[in-house]
1. Considering only the stretch 121-153, how many residues are crowded, with 24+ Cβ neighbours inside 10 Å, within 12 Å of the ligand (Cβ to nearest atom) and of a type in the set (Gly, Ala, Ser)?
2. May I ask you to list the residues in the stretch 32-46 that are away from the ligand (no atom under 16 Å from the Cβ) and in contact with a helix residue (DSSP H, G or I) (Cβ under 8 Å, 6 or more places away or on another chain)?
3. How about the stretch 67-120: which of its residues are within 16 Å of the ligand (Cβ to nearest atom) and among the polar types (S, T, N, Q)?
4. Keeping to the stretch 57-89, report how many residues are touching a strand residue (DSSP E or B) at 6+ places or on another chain (Cβ under 9 Å), open to solvent by 50 Å² or more (accessible area, probe 1.4 Å) and not hydroxyl-bearing (Ser, Thr, Tyr).
5. Limited to the stretch 202-226, what total is found for residues that are more than 20 Å from LEU110 (Cα to Cα) and either without any contact (Cβ under 8 Å) to a residue 40 or more places away in the chain or in contact with a helix residue (DSSP H, G or I) (Cβ under 9 Å, 6 or more places away or on another chain) (or both)?
6. So ALA315 passes all but one of these: (1) over 30 Å from GLY76 (Cα atoms); (2) open to solvent by 30 Å² or more (accessible area, probe 1.4 Å); (3) assigned to a helix (DSSP H, G or I). Which condition number does it fail?
7. Can you list residue pairs whose Cβ atoms sit under 8 Å apart, with the first residue in the stretch 106-120 being modelled with pLDDT of 95 or more and the second being in a helix (DSSP H, G or I) and within 11 Å of the ligand (Cβ to nearest atom)? Count only pairs 6 or more apart in sequence or on different chains.
8. State which residue is farthest from the ligand (Cβ to nearest atom) when the search covers only the stretch 235-282 and only residues that are surrounded by fewer than 24 Cβ atoms within 10 Å (Cβ to Cβ) and closer than 19 Å to ILE193 by Cβ.
Amino acid sequence: MTVEWEKLFAGRVGGMSASEIRELLKLIAKPEIISFAGGIPDPDLFPAPALSRAYQKVFESNSGPGDALQYTISEGYTPLREWICAYMESKGARIAMDEVLVTSGSQQALDFLGKLFIGPGDLVAVTKPTYLGALQAFSPYEPTYVSIAMDDQGPVLDEVDTALARKPKFLYLVPDFQNPNGITVSLDRRIAIIERCAAAGVAVIEDAAYAELRYDGDSIPSMVALDAERNGGSPATVIHCGSFSKTMVPALRVGWVCGAKDAVQRMVLMKQAADLHTSTINQVVMHDVVSEIFQGHVRRLRDAYKQRRDAMLTALADFAPPGVTWTKPEGGMFVWVELPEGSDGVALLERAIKEANVAFVPGAAFYADRSGKNTLRLAFSVNKPERIREGIRRLCGLLGQGAV
Ligand code: PMP
């Protein structure tokens, strides 16, 4: 008798699929390929010296590295949580210490939120498109998705109303420079969404992974801050996920989730069950580094990424054939391209890799309903401006030949 694995797997495993982005990244590691596929920070911009100093400090301290190498509390390293509370307060949201949980990247927070709220068949509202990793985190809990269309101001309110009338458990969105389409939700739209969700008794999950990476335009208060403002200082409707992956480095796996105590305290129990706590030494080092360089380093990132965003937008304006449109993000890492109706992003990718040595992510992966076949996500974060221009020239050359 042999084990028939598929028969042993739980039903929810059917909802899990390998990330198309990850599968793709394996194929395009060749140096001749100009890749706009990975939505990752540029390693040349990592604050390596500050990290090195902080790790050294741990090992050279008079008391020795014992505490940093030991188990710690599930809620997270206390000085780091204090830093996060002060940071959130500086953004207008008063978060108490028992309303914040340090997670192993904000991705873990998305998994916990799925586990906390979603039972089989429960409705979950997401934007169209949305962050693929959120769909991957939620799908094993077997939700039914309600997808909300977006315009250049964010989720379309009529569609928000229609979704809320169906009583989803929560509405998940990335209000700043959304991965994948670069769109930022306007202030009016943020307020309207919070008000509608509060009235309907539906939680809002705000994923703020890119919020610090603004290159121009006025900064807009986070949804958790707006929620706190209308509720006397503390959040009531919005749960906020934060991350150090885009502002510092992803490899330490340090993020956080904060909001209503009832929800966060449940997630502390999930944290205990999942991995007891996020790496102690990495939290100690992250705390040291953000205390020292956060503002200055973020300014440096903004300068570098702004040039790349500008290079991509200029190249698209110079080379894109008629019928192709794209977003003009005020920050983040992504430009979203829309090809004429009937175009197929996956077919284009195959040709782009083979014929133009260019890669990107076909947009359909970011739709819970698998629509959006004529869209592409282009990340400008990892390539230098000249390479971005060359990649866009090649890609648009292919588009101009009617490759779509
Ligand atoms: N949310 C969004 C919108 C993201 O793009 C990412 C990373 N790609 C994450 C969350 C997860 O980031 P991390 O787990 O590294 O904090």
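The values are calculated or read from the model by the stated rules, or taken from the named source; none is laboratory data. Quick caveat, the model's predicted, so the values are computed rather than measured. Using ideal geometry, Cβ is built from the backbone for each residue, glycine included, and neighbour counts are taken over all protein chains shown. Only protein heavy atoms, including side chains, enter the accessible area calculation; ligands, DNA and RNA are left aside. Shrake-Rupley method; radii C 1.70, N 1.55, O 1.52, S 1.80 Å.
1. Counting residues in the stretch 121-153 that are crowded, with 24+ Cβ neighbours inside 10 Å, within 12 Å of the ligand (Cβ to nearest atom) and of a type in the set (Gly, Ala, Ser) gives 1.
2. Taking the stretch 32-46 first, the residues away from the ligand (no atom under 16 Å from the Cβ) are 32-34, 44.
Selection gives ILE33, ILE34.
3. The answer is THR103, SER104, SER106, GLN107, GLN108.
4. Residues that pass the stated criteria total 1.
5. Step one: of the stretch 202-226, the residues more than 20 Å from LEU110 (Cα to Cα) are 213-221, 226.
Add one more test, that the residue is either without any contact (Cβ under 8 Å) to a residue 40 or more places away in the chain or in contact with a helix residue (DSSP H, G or I) (Cβ under 9 Å, 6 or more places away or on another chain) (or both), and what stays is 213-216, 218-221, 226.
Total meeting the criteria: 9.
6. (2)
7. Listed by first residue and then by second, the contacts come to GLN107/GLY133; GLN107/ALA137; LEU110/GLY133; LEU110/ALA134; LEU110/ALA137; ASP111/ALA137; LEU113/ALA137; GLY114/ALA137.
8. Among those that are surrounded by fewer than 24 Cβ atoms within 10 Å (Cβ to Cβ) and closer than 19 Å to ILE193 by Cβ, it is ALA236.
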